[in-house]
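The values are calculated or read from the model by the stated rules, or taken from the named source; none is laboratory data. What you see is a predicted model; the values in this text were computed from it and never measured. Neighbour counts are summed over all protein chains in view; Cβ atoms, including those assigned to glycine, are modelled from backbone coordinates with ideal geometry. For accessibility, only protein heavy atoms count, side chains too; no ligands or nucleic acids. Shrake-Rupley method; radii C 1.70, N 1.55, O 1.52, S 1.80 Å.
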Amino acid sequence: MQKLSAIWRFLKDLGAYQALRPYDIYPYFFLSSFALVILVLLAPDYFEQWPGYSALATAGGSVGAGRFLIDASLPVALLYIAIILMRLNRARCQAVNDGMRANTVHRYPLIGAVFFIVQLPLLVLLYEAQDDFVYTLTKSFWVIAYCMPWFSYLAANSFSIIVAAAYEWRQKVAEKSALNAAEKTKVDVSNSP
């Protein structure tokens, strides 16, 4: 039983949901983009002729429903980010930082967050068709059905981590400035006649 608990902890830390939990509208809200996969599976005829509007959807190997999921990934990510911005406050930033400090998998989450938040729009909006692994992967509906909702989640996760890190950096700068000001006042008082 202890081994199962350790595996569950690893998986939770791997997903780093503690970076989004403070912003949840309801439990695991930021995984709701997987509902689009269910929608596509329930109404396959509607998405069969989806033309694709993003570069990855049109130049990748996907057809129909896969193209829809690719096109939906950035708007869903932007919706998630808007929700984070609307609910943003100091307590939530602190909760994200505390959660990421307790994470046993991601030692430097800010590096991965910055990398991902830059790479996702580049991949979706600027992809050019070529014989590479991305093109091959986009041919599989099930790979797209898993990856694109997950990418929306990771974009929100990355944004939350970046905002929380900026908050913490700003807090440290303010504390250092206050300490320097107090030290300067102390020196000025000791130097006065």
Quiz item: Between Asp98 and Val134, what length comes free when the chain is fully extended (0.36 nm per residue of separation minus the Cα-Cα distance, one decimal in nm)?
Solution: 9.4 nm
Quiz prompt | Dipole-positive endmost among Asn157, Gly112, Val173 within the chain (Cβ charges, Cα centre) | solution = Val173
Exercise. Which order do the peptides 109-120, 3-14 take when ranked by the mean count of other beta-carbon atoms within 10 Å per residue, highest first?
Key: 109-120, 3-14
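Which value, in debye to the nearest 20, describes the size of the charge dipole of segment 71-193 about its Cα centre when Lys and Arg Cβ atoms bear +1, Asp and Glu Cβ atoms bear -1, and nothing else is charged? Please report the intermediate quantities before stating the final value.
Details: 11 positive and 9 negative charges, 121 e Å.
The calculated dipole for segment 71-193 is roughly 580 debye.
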Quiz item: Which whole-number percent gives the relative contact order of segment 77-193, counting Cα pairs below 8 Å spaced six or more residues apart?
Solution: 46 percent
Quiz prompt | Principal-axis tilt of helix 65-87 within the chain, Cα atoms, nearest 10 degrees | solution = 20 degrees
Practice problem: Decide, for segment 17-75, between rounded, prolate and oblate: order the square roots of the alpha carbon gyration tensor eigenvalues as a ≥ b ≥ c, take rounded if a/c falls under 1.5, and otherwise choose prolate if a/b is larger than b/c, else oblate. | Solution: oblate
Quiz item: Hey, what angle do you get for helix 2-15 against the long axis of the chain, alpha-carbon based, 0 to 90 degrees rounded to 10?
Solution: 90 degrees
Quiz item: What number, rounded to the nearest 500 deg cm²/dmol, is the helix-based mean residue ellipticity at 222 nm of the chain, given -39500 (n - 2.57) per DSSP H run of at least four residues and division by all its residues?
Solution: -24500 deg cm²/dmol
Quiz item: Pairing the Cα long axis of helix 109-126 with the longest principal axis of the chain, what angle in degrees results, from 0 to 90 and rounded to the nearest 10?
Solution: 40 degrees
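Run the accessible area of the chain with a 1.4 Å probe and give the carbon-and-sulfur part as a rounded percent. Show your work: numbers first, answer last.
On the way: 8020 of 11910 Å².
Accessible surface attributable to carbon and sulfur in the chain totals 67 percent.
What order do you get for 56-67, 78-89 when each peptide is scored by the mean count of other beta carbon atoms within 10 Å, highest first? Don't skip to the answer; put the middle values down first.
On the way: 56-67: 21.6, 78-89: 14.7.
Taking the mean over residues of other Cβ atoms within 10 Å, the ranking is 56-67, 78-89.
Find the accessible area per residue for the chain; the probe is 1.4 Å, ligands and nucleic acids are left out, and the unit is Å². Please report the intermediate quantities before stating the final value.
Values: 11910 Å² over 193 residues.
Dividing the accessible area of the chain by its residue count gives 62 Å².
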Quiz item: For segment 121-159 and segment 27-50, what is the separation of their C-alpha centers, rounded to whole Å?
Solution: 16 Å
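Number of Lys pairs in segment 96-193 with C-alpha atoms less than 28 angstrom apart, excluding same-chain neighbours closer than eight positions? The partial results should precede the final answer.
Numbers: Lys172/Lys184; Lys172/Lys186; Lys176/Lys184; Lys176/Lys186.
Close lysine pairs found across segment 96-193: 4.
Which peptide among 176-185, 121-130 comes first, and what is the full order, when sorted by highest mean count of other Cβ atoms within 10 Å? It would help to have the intermediate numbers written out before the result.
Numbers: 176-185: 10.0, 121-130: 13.8.
Ranking the peptides 176-185, 121-130 by packing returns 121-130, 176-185.
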Quiz item: In debye, nearest 20: dipole of segment 32-125 around its Cα centre with unit charges on the Cβ of K, R (+) and D, E (-)?
Solution: 560 debye
Exercise. Please label the shape of segment 66-138 as rounded, prolate or oblate, based on the square roots a ≥ b ≥ c of the eigenvalues of the alpha-carbon gyration tensor (a/c under 1.5 means rounded; beyond that, a/b larger than b/c means prolate, else oblate).
Key: oblate
Quiz prompt | Inter-probe distance in nm under a simple model that places probes 7 Å from Cα toward Cβ, at Ile38 and Tyr146 | solution = 2.0 nm
Practice problem: With label points built 7 Å along Cα→Cβ from the Cα atoms of Thr185 and Tyr108, find their separation and express it in nm. | Solution: 3.8 nm
Exercise. State the answer as a single residue: which of Pro51, Gln130, Ser33 lies farthest towards the positive end of the charge dipole of segment 30-139, with beta carbon charges of +1 for Lys and Arg and -1 for Asp and Glu, about the Cα centre.
Key: Ser33
